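Below is one structure; the comments refer to it alone.
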Amino acid sequence: MMQEINFDGIVGPSHNYAGLSPGNLAATRNAGATAHPRAAALQGIAKMRANLALGLPQGILLPHARPDHAWLAALHLDYAGAPGHLKARAFSASPMWAANAATVSPAPDTGDGRCHLTVANLVTMPHRSHEWPATLAQLRLAFANPHFAVHPPVPAPFGDEGAANHMRLCARHDAPAVEVFVYGESGGPFPARQHRDASETVARAHRLDPGRTLFVQQSPEAIAAGAFHNDVVAVANERVLFAHEQAFADRQGFFADLRRLLPEVEIVEVPADRVSLADAIQSYLFNAQLVTASGGTQTLIVPAEARGNAAVWSWLQDHLAGNGPIRAVEVVDVRESMANGGGPACLRLRVACDPALVDPRFLVDAAKLDRIADVIAGHWPEAIAPDAIGDPGVIAQVGRAHRALYEALDLVGLLNS
Ligand code: SUG
């Protein structure tokens, strides 16, 4: 039976705040703060437990080996001899943000009836540009069944940041969807990370029907205000699009196309005079997981910061009290990830498929989450201060923690791939 599975990136033991992403305001603001990898990873586990409690299937993606010695070797460096800025970029736990792992087109949308995945190249930010080989290895294992086609990344220089800039609108998860690719134009104060040429390449690779595929420009004001990915200002689930009024460059044109292609679409737009772009980005209201819980209730899983923002919380209460399509709100605490600009939606990659087709090592239930939590509690560093990024003791601990998790999940084979 086809279902939407959320694959959450487990927060890696090297989680730290190095301020590596210009245009990501939270990450920039917290540069140099002390991070708490153990608490961060346990927050992620608690979020997955809450998803299971809603009756949703849940998957995982694993942290990558850090520092990334293979990347440093390609730069003719070893970790000890690397300059500080490259040390930090080799040590980042950024693969936790699984929404940037790949773009996914489920079987009902594709010309050959397979589920297609294209790993994101993440070329815009150096610390993320070396994620894709390990991500590709995991996806090839998790989705080895011939139902799936896993593609290598779009070539540079066309930046592709994966599902964070992609939305699927459909009557139900198992019905053919309108796939929406959101791209940015460069020229503003911050980099536009998703190139239209990259999105179009992914759509061709996935054999999408051009008549049901939309390429939509993100509004330059949104990027300038700190929405470095579309999923900071919009999220879709089945027939519902939930977006900020200033998310798209041409909202009227986009909404008209959407209504023509999917007449049952419900567009929930939050006006700027109720929630400003600044409040939307500070609270990550739209970086929520909009899910269909087991009883069919459209549920919005928001970060605690959304409850802490008066304008945002009051808009949500008004929507729940009215007749809108979002019927429930759940609050999760992912503040360690949030401080690097990663909310609930950043931490997960959605794949709509029959769970029986996925390698079971990448699926979790409550008991497996307990085992993972034990590994985290026993091995993840309690804190990483800014000056610890080059510390041999911390690096050794991160290496042991990483191996312990792969051993617990029977995935050590991946370490040598
Ligand atoms: O790419 N932060 C990530 C956050 C990604 C959020 N993902 C989505 N919106 N889907 C980024 O900017 C900060 C790392 C640091 O500065 O140490 C970072 O990479």
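The values are calculated or read from the model by the stated rules, or taken from the named source; none is laboratory data. Since this is a predicted model, take the numbers as computed values, not measurements. Every residue, glycine among them, receives a Cβ derived from its backbone with ideal geometry; neighbour counts consider all protein chains shown.
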From the list P146, P133, P155, pick out the single residue that is part of a helix (DSSP H, G or I) and on the phi < 0 side of the Ramachandran plot. P133
What's the number of the only condition in (1) small (G, A, S); (2) under 18 Å from G23 (Cβ atoms); (3) at pLDDT 95 or above that S186 fails to meet? (3)
When you look at A205, is it surrounded by fewer than 18 Cβ atoms within 10 Å (Cβ to Cβ) and either at pLDDT 95 or above or of a type in the set (K, R) (or both), yes or no? no
Name the residues in the stretch 129-154 that are within 19 Å of the chain's Cα centre (by Cα), closer than 20 Å to L409 by Cβ and more than 16 Å from the ligand (Cβ to nearest atom), would you? P133, L136, A137, Q138, L139, R140, A142, F143, V150
Consider the stretch 128-184. How many of its residues are among the aliphatic types (A, V, I, L, M), within 16 Å of V358 (Cβ to Cβ) and surrounded by fewer than 24 Cβ atoms within 10 Å (Cβ to Cβ)? 5
Only residues that are part of a helix (DSSP H, G or I), more than 11 Å from the ligand (Cβ to nearest atom) and either of a type in the set (A, V, I, L, M) or within 18 Å of H195 (Cα to Cα) (or both): list them for the stretch 102-128, please. A107
Would you please list the contacts, defined by Cβ atoms under 7 Å and residues six or more apart or on different chains, that run from a residue in the stretch 83-98 that is within 9 Å of I389 (Cα to Cα) and more than 8 Å from the ligand (Cβ to nearest atom) to a residue that is at pLDDT below 95 and assigned to a loop (DSSP other than H, G, I, E, B)? K87/Y79; K87/I389; K87/G390; F91/I389
Within the bounds of the stretch 279-287, is there any residue that is part of a strand (DSSP E or B), within 14 Å of the ligand (Cβ to nearest atom) and either over 25 Å from R168 (Cα atoms) or not basic (K, R) (or both)? no
Criterion: more than 16 Å from the ligand (Cβ to nearest atom), under 20 Å from G390 (Cα atoms) and not β-branched (V, I, T) - qualifying residue of L62, L75: L75
I'd like the full set of residues that are touching a Gly at 6+ places or on another chain (Cβ under 8 Å), part of a helix (DSSP H, G or I) and crowded, with 24+ Cβ neighbours inside 10 Å, limited to the stretch 221-237. I223, V232
Condition check for V104: out of contact with any Gly (no Cβ under 6 Å at 6 or more places or on another chain) and β-branched (V, I, T): yes
Here are some conditions: (1) within 16 Å of the ligand (Cβ to nearest atom); (2) under 17 Å from M167 (Cβ atoms); (3) out of contact with any helix residue (DSSP H, G or I) (no Cβ under 6 Å at 6 or more places or on another chain); (4) in a loop (DSSP other than H, G, I, E, B). P191 meets all but one. Which one does it not meet? (2)
Let me confirm something: among R49, R38, R66, which residue is among the charged types (D, E, K, R), in a loop (DSSP other than H, G, I, E, B) and in contact (Cβ under 8 Å) with a residue 12 or more places away in the chain? R66
Looking at (1) within 9 Å of the ligand (Cβ to nearest atom); (2) closer than 19 Å to R371 by Cα, which is the only condition A27 fails? (2)
Assuming P95 fulfils every condition listed in (1) part of a loop (DSSP other than H, G, I, E, B); (2) in contact with a His (Cβ under 7 Å, 6 or more places away or on another chain); (3) within 18 Å of P133 (Cα to Cα) apart from one, which condition is it? (1)
Tell me, which residue of the stretch 247-269 that is under 22 Å from the mean Cα position of the chain (by Cα) and surrounded by 20 or more Cβ atoms within 10 Å (Cβ to Cβ) is farthest from V312 (Cα to Cα)? F248
If you scan the stretch 344-397, which residues turn out to be touching a Gly at 6+ places or on another chain (Cβ under 8 Å) and either of a type in the set (K, R) or without any contact (Cβ under 8 Å) to a residue 60 or more places away in the chain (or both)? R348
Do we find a residue being under 18 Å from the mean Cα position of the chain (by Cα), of a type in the set (A, V, I, L, M), within 12 Å of the ligand (Cβ to nearest atom) and part of a helix (DSSP H, G or I) anywhere in the stretch 1-24? no
